[in-house]
Amino acid sequence: DGNKLPKTELDTYLEMKISAATDPLDFWRTHQKQFPNLARLAKLYLAIPATSASVERLFSELSALARYVRSRMTVMRQQECILYKEWAQEIKSKQVTL
């Protein structure tokens, strides 16, 4: 059939058999030329820092913050405040200069 669309990066990627044990950073480093657009997205996604804070402490802080502002903040703004505090503590603990 002449109406078949060419494969996209996503189509090719989804057809790959990738082991669950594969390191995502190594995978995208190795395949960034084959999948330039997906690799760019992966870099953005994988660059999100993981937090070392316990879930209970985050919920406690968010609860206190929500009570303090009496729900005038949006949920997104509350999340941003919690993440900012976590990142600030991480930077302070590592004495990182910006």
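Quick note: the coordinates plus some simple rules give every number you see, no bench work behind them. Here the structure is a predicted model, which is why all the values come from computation and not from measurement. Neighbour counts are summed over all protein chains in view; Cβ atoms, including those assigned to glycine, are modelled from backbone coordinates with ideal geometry.
What is the local net charge at residue 9, summed over the other residues whose Cβ is closer than 12 Å to its Cβ (Lys, Arg +1; Asp, Glu -1)? Overall, the nearby charge balance is +1. Ignoring aspartates and glutamates fewer than eight residues from residue 7 along the same chain, the ones with Cα atoms less than 19 angstrom from its Cα are 15.
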